[in-house]
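Each remark here refers to the structure printed beneath this line.
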Amino acid sequence: MLKDKTVVLGVTGSIAAYKAADIASKLAQSGAKVLTVMTGSAREFVTPLTFRSVTGQPVITDMFDSQSQFSVQHVSLADMADAILIAPATAQIMAKLVAGLADDMISLTVLATKAPVVIAPAMDHNMWESPVTQNNVTRLRARGFTIVGPGKGHLASGKEGWGRLEDTEKVLGALRMTMGRKGDLLGRRFVVTAGGTQEPIDPVRVITNRSSGKMGYAIAEAARDRGAEVTLVTAPTALAQPVGINTIPVNTAREMNQAVAKAVLNADVLIMAAAVADYQVASPSLSKIKKEATGRLTLELERTPDILGETKGSFLRVGFAAESEGLVRNAAQKLKSKALDLIVANDITQADSGFGTDTNRVVIIDRAGSVEALPLLTKYEVAERILDRVNALSKV
Ligand code: CTP
């Protein structure tokens, strides 16, 4: 969604300014045109050359630079921005935005723009907790600005507390969510599941699978980025909790079943991307199982609830099928037996698709029997294509 979008990145004078280079780089890698604006204080921490290098675009440092293409029309940045992201944002810049000041290129651009604004604060924890700053944050939120972070942890002062610039992924998630607020899934309620469930054997051991959760998270984020209200029911993964998504962590298939049953009560769409264990240990041991010197250990397994099979309602139902043979035939059979609207099948024998990878090659089959084979795409792109199909189906 950031491709060919113009993002004005405002960098202000915090020690976290060096992290803004990573944000700028990731934005540029997503295909955005990134125009960095730096305050004088920001330039004390990091040089314009860094941002020019990672974005391949000019960096604006001076409102009155006669050489700059942006100085001719001092509000031209405000007009051309699809979004403005201030990261890191100091207490000072937030106070200026609240007051409507326009004596530096960032505050001027925000004052003059109609584009969405995202602010990622970074400062000393006492400055963040100060009633003045908190009041400013409230007022910026009331103006429709998105505030992402700050995070908690080690601060430049050597102390621990709230004030760290939020992680790049979260900052970019907040930006995409804010830019997509008026997207084509506006107001639609999605429940998405992700990750591989963990079925306990004893207090320290589980039966699980190789699902990374990446496909489900990509669907949840892509839906959010198009304006949907998303609940993500997730089995344990190594992925960061996405911004702006109601995330419900679960461990087992049974817990996922309960969470999904509750979440779908007022949902429009259920997408089951989770790799749910088909079997659980019939009686997990309450104490750690000790190894015996010889012999075998036998675990008795029983079926888990079939979440997709059991959840009924007026919402659209999308399933996944991970197959190692007979891809379309097996997936079509699952679509039918679970009475789904769509099934997304992937061939898990391919190295570049399926579990753990960032890319996926899937076949989408719908209830009318049409079979669409997609090329190799990133999981986010696959998510977009699934959502296109869901959107078209919901209009039928
Ligand atoms: N699913 C579910 N509840 C389960 C197991 C799977 O809701 N207990 C969902 C998965 O999230 C996925 C779809 O059902 O969307 C997969 O269907 P399933 O028939 O369980 O696929 P496999 O587990 O791959 O089946 P098999 O092992 O028979 O190939």
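The values are calculated or read from the model by the stated rules, or taken from the named source; none is laboratory data. What you see is a predicted model; the values in this text were computed from it and never measured. Don't worry about glycine lacking a Cβ; one is built from the backbone with ideal geometry, like all the others, and counts go over all protein chains shown.
Quick check, is Glu129 free of Cβ contacts under 8 Å to residues at least 40 places away in the same chain, on the phi < 0 side of the Ramachandran plot and not assigned by TED's automatic domain parsing to the domain that holds Val318?
On the way: free of Cβ contacts under 8 Å to residues at least 40 places away in the same chain: yes; on the phi < 0 side of the Ramachandran plot: yes; not assigned by TED's automatic domain parsing to the domain that holds Val318: yes.
Yes, satisfied.
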Q: Hey, could you check region 105-125 for residues that are out of contact with any strand residue (DSSP E or B) (no Cβ under 8 Å at 6 or more places or on another chain) and of a type outside the set (A, V, I, L, M) and say which is surrounded by the most Cβ atoms within 10 Å (Cβ to Cβ)?
A: Ser107
Q. When both residues are 6+ apart or on different chains and their Cβ atoms are under 8 Å apart, which pairs have a first residue that lies in region 366-394 and is of a type in the set (S, T, N, Q), and a second that is assigned to a loop (DSSP other than H, G, I, E, B)?
A. Thr378/Asp358; Asn391/Asp184; Asn391/Leu185; Ser394/Arg188; Ser394/Asp268
(Q) Here is a check on your reading of the model: is Ser157 assigned by TED's automatic domain parsing to the domain that holds Ala91 and in a loop (DSSP other than H, G, I, E, B)? (A) yes
Q) Looking at region 228-265, which of the residues that are in contact with a strand residue (DSSP E or B) (Cβ under 6 Å, 6 or more places away or on another chain), more than 14 Å from the ligand (Cβ to nearest atom) and outside any strand (DSSP E or B) is modelled with the lowest pLDDT? A) Gln241
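Name the residues in region 104-125 that are among the hydrophobic types (A, V, I, L, M, F, W, C) and either closer than 20 Å to Leu165 by Cβ or not in a loop (DSSP other than H, G, I, E, B) (or both), would you? Walk me through it before giving the result.
Step one: of region 104-125, the residues among the hydrophobic types (A, V, I, L, M, F, W, C) are 105-106, 108, 110-112, 115, 117-120, 122-123.
Once the filter is applied, which keeps residues that are among the hydrophobic types (A, V, I, L, M, F, W, C) and either closer than 20 Å to Leu165 by Cβ or not in a loop (DSSP other than H, G, I, E, B) (or both), region 104-125 yields Met105, Ile106, Leu108, Val110, Leu111, Ala112, Val117, Val118, Ile119, Ala120, Ala122, Met123.
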Q | Any hit, region 361-369, residues being farther than 28 Å from Gln198 by Cα and among the basic types (Lys, Arg) | A | yes
(Q) If I go through region 71-112 residue by residue, how many of them are touching a residue at least 40 places away in the same chain (Cβ under 8 Å) and within 13 Å of Arg143 (Cβ to Cβ)? (A) 5
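Restricting to region 296-306, and then to whatever is among the charged types (D, E, K, R) and not in a loop (DSSP other than H, G, I, E, B), can you tell me which residue is farthest from the ligand (Cβ to nearest atom)? Even if it seems obvious, please write down each step before you answer.
Pass one, region 296-306, residues among the charged types (D, E, K, R): 296, 300, 302-303, 306.
Subsequent filtering for residues that are not in a loop (DSSP other than H, G, I, E, B) retains 302-303.
Details: Glu302: 12, Arg303: 8 Å.
This residue is Glu302.
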**Q.** All positions within region 316-332 that are over 23 Å from the mean Cα position of the chain (by Cα) and closer than 17 Å to Ser394 by Cβ
**A.** none
Q. Do we find that Gly309 is within 14 Å of the ligand (Cβ to nearest atom), of a type outside the set (S, T, N, Q) and surrounded by fewer than 19 Cβ atoms within 10 Å (Cβ to Cβ) in this structure?
A. yes
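Looking at Ala20, Ala28, Ala42, can you tell me which residue is surrounded by 16 or more Cβ atoms within 10 Å (Cβ to Cβ), more than 18 Å from Ala83 (Cα to Cα) and among the hydrophobic types (A, V, I, L, M, F, W, C)?
Details: Ala20 fails: more than 18 Å from Ala83 (Cα to Cα); Ala28 fails: more than 18 Å from Ala83 (Cα to Cα).
One residue alone meets the criteria, Ala42.
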Q.
So the check is Cβ under 8 Å with 6+ separation or different chains; which pairs have a first residue in region 256-283 that's of a type in the set (Phe, Trp, Tyr) and a second one that's away from the ligand (no atom under 11 Å from the Cβ)?
A. Tyr279/Ile207; Tyr279/Leu301; Tyr279/Glu302
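Can you work out which of the residues in region 76-103 that are not in a helix (DSSP H, G or I) and not hydrophobic (A, V, I, L, M, F, W, C) is modelled with the lowest pLDDT? Outline the logic, then answer.
First, pick out the residues of region 76-103 that are not in a helix (DSSP H, G or I): 81-90, 100-103.
Filter again for not hydrophobic (A, V, I, L, M, F, W, C), leaving 82, 88, 90, 100, 103.
Numbers: Asp82: 97, Pro88: 98, Thr90: 97, Gly100: 96, Asp103: 91.
Here the residue is Asp103.
Pick from Ala293, Ala277, Ala321: which is within 8 Å of the ligand (Cβ to nearest atom) and in a loop (DSSP other than H, G, I, E, B)?
Of the residues listed, the single one that is within 8 Å of the ligand (Cβ to nearest atom) and in a loop (DSSP other than H, G, I, E, B) is Ala277.
Give Ala332, Ala339 a once-over and let me know the one that is in a loop (DSSP other than H, G, I, E, B) and within 16 Å of the ligand (Cβ to nearest atom).
Values: Ala332 fails: in a loop (DSSP other than H, G, I, E, B).
Ala339 is the lone residue from the list that is in a loop (DSSP other than H, G, I, E, B) and within 16 Å of the ligand (Cβ to nearest atom).
For (1) under 24 Å from Phe315 (Cα atoms); (2) away from the ligand (no atom under 16 Å from the Cβ); (3) part of a loop (DSSP other than H, G, I, E, B), each residue gets a yes or a no:
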position: Asn136; (1), (2), (3): no, yes, no
position: Gly163; (1), (2), (3): no, yes, no
position: Leu172; (1), (2), (3): no, yes, no
position: Leu186; (1), (2), (3): yes, yes, yes
position: Ser211; (1), (2), (3): no, no, yes
